[in-house]
Amino acid sequence: MKNIIDIHVKKTEAKKESSIKPPKKRKNIKLVIIAALLIFLSIIAAFFLWPKEKKETVIEPKKEETKVVSEPKKEVSLFNIESPLNGALTTEEKAKRRPIAAAIENHPASRPQSGLDKAGLVYEALTEGGITRFLAFFVENDVKEVGPVRSARIYFVRFADEYNAFYTHVGGSADALALIKELDNFYNLDQFSLGKYFWRDKKRFAPHNVYSSTDLLRKAGESKKWDANADYDKYQFKNDVSENKRGNKEKITINFSFKQYQVDYYYDKSNNEYKRNLAGKEHIDKNSKQQIKAKNIIIQYVESWKVEDGIDINSQGSGKAKVFMDGEEITGTWKKLSRKQRTKFYDSQNKEIIFNRGPIWIEIISQGVVILDQ
């Protein structure tokens with residue numbers, strides 16, 4: 001019995017011993033874990049605290065930049081077409097326009113006139129009573145006010161006809177109006193029948209107060225269903241000569257009749273142009289307030305005679321002429337062989353004169369008119 005009790009006690013103690021884990025093994029596991037943590041922390045500390053090797057900064061020499069310089073674009077000017085009227089460079093559209101030829105008066109009550117400084121070509125001629133009158137042609141320039149517009153004269157009708165121009169006037173002499181009716185393909189803009197394209201300036205007395213504009217006059221032509229394109233002969237033109245090649249003809253004087261109508265042109269060598277004086281004073285345009293200037297002065301000698309309404313001249317055939325440009329005087333002739341042909345000018349060698357580009361003034365000189373140049 002005792003033996004049985006001993007055996008039971010031993011089994012019970014054996015079970016107790018087997019249910020309790022050996023403390024030494026647990027302790028070993030804890031040490032391993034602690035050691036692992038210490039090693040991990042040491043690695044991290046070493047990574048952040050260990051002095052890092054400094055990298056050398058290599059500064060490479062700067063490469064010189066090759067700048068590509070592009071040439072500035074050349075602007076193509078639209079003003080690159082010669083006006084057939086006077087050679088001035090203008091647009092193709094304007095060069096093709098039919099000229100406007102406006103009869104502008106020169107009575108002292110009409111001064112200052114409007115638009116003469118923008119005219120590409122101007123005729124000046126005696127009418128009756130020693131009074132001069134202008135026929136001003138417009139192609140390349142548009143003018144807001146042209147005038148005072150006055151009546152037609154027979155030789156102005158013929159001049160306008162040379163250019164197939166819109167002839168602008170207010171009535172006219174009997175012989176001029178009769179010729180207009182006779183001519184075929186003549187572009188007649190008479191204020192009497194086209195009043196809405198003209199106006200009267202109330203600040204001036206009639207008949208020195210009728211005006212129009214180039215825009216209105218072209219619209220008047222449109223109302224007639226006329227072809228607006230130019231159809232006339234062209235002169236030859238050149239650029240100005242250099243200043244050292246210019247002459248010294250300093251002054252041209254034209255005594256038409258009275259002192260009120262005396263014309264003086266003064267040559268400006270530096271600008272190669274002729275400044276116009278009228279009645280002893282600078283001839284000023286009303287619109288621009290500027291003195292009127294020209295690049296070419298033509299003296300066209302003609303024969304004249306009295307008619308019922310004034311005078312008439314021979315504008316067809318040939319005769320003597322003088323041309324002033326570049327400070328020089330060229331003696332020659334003028335020729336016009338048919339009604340529609342443009343009057344041409346020739347030097348003493350019978351070569352057609354080549355004009356400077358720009359305004360042309362043609363002075364129609366009949367018997368008794370005195371020309372002085374110096």
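The values are calculated or read from the model by the stated rules, or taken from the named source; none is laboratory data. Nothing here was measured: the structure is a model prediction, and the numbers come from that model. Using ideal geometry, Cβ is built from the backbone for each residue, glycine included, and neighbour counts are taken over all protein chains shown. Surface areas here come from the heavy atoms of the whole protein model, side chains and all, with no ligands, DNA or RNA. Shrake-Rupley method; radii C 1.70, N 1.55, O 1.52, S 1.80 Å.
Accessible surface of W226, taken over heavy atoms with a 1.4 Å probe and every protein chain present, rounds to 70 Å². Using a probe radius of 1.4 angstrom, the carbon and sulfur fraction of the accessible surface of segment 81-224 is 52%. In segment 81-224, the DSSP beta bridges split such that about 70 percent are antiparallel, to the nearest 5.
Once backbone amide H atoms are built at 1.01 Å from N, V302 has I365, S366 as its partners under 5 Å, excluding neighbours fewer than 5 places away on the same chain.
Solvent-accessible area of segment 238-373 (1.4 angstrom probe, protein heavy atoms only): carbon and sulfur portion equals 47 percent. Size descriptors for segment 238-373, from the alpha-carbon set: Rg then Dmax equal 15.6, 51 Å.
Among the GluC sites (Glu not before Pro) found in segment 262-358, those both in a DSSP coil and sparsely packed, with 15 or fewer other Cβ atoms within 10 Å of their Cβ, are E303, E308.
What the Cα atoms of segment 81-224 give is an Rg and a Dmax of 14.2, 42 Å. Here the 3J(HN,Hα) profile of segment 168-174, calculated from phi with Karplus coefficients 6.51, -1.76 and 1.60 at θ = phi - 60°, is 10, 7, 10, x, x, 5, 4 Hz, Gly and Pro shown as x. Placing a pseudo-label 7 Å from each Cα along the Cα-to-Cβ vector at D227 and E128 gives an inter-label distance of 3.7 nm. Calculate, for A178 and E243, the FRET efficiency according to 1/(1 + (r/R0)^6) with r their C-beta to C-beta distance and R0 51 Å; round to the nearest 0.05. According to the calculation, E is roughly 0.50.
With θ taken as phi - 60° and the Karplus curve 6.51 cos²θ - 1.76 cosθ + 1.60 applied, the whole-hertz 3J(HN,Hα) list for segment 84-90 is x, 6, 9, x, 4, 7, 8 Hz, x standing for glycine and proline.
Relative to the Cα centre, the charge distribution of segment 238-373, modelled as +1 at Lys and Arg Cβ and -1 at Asp and Glu Cβ, gives a dipole magnitude of about 380 debye. In the context of the full set of protein chains, residues of segment 238-373 present 47 Å² of accessible surface per residue (probe radius 1.4 Å, heavy atoms only). Accessible surface for segment 81-224, divided over its residues, is 35 Å² per residue with a 1.4 Å probe. In this structure, F258 and K289 have a Cβ-Cβ separation that, at R0 = 30 Å, corresponds to a calculated FRET efficiency of about 0.70.
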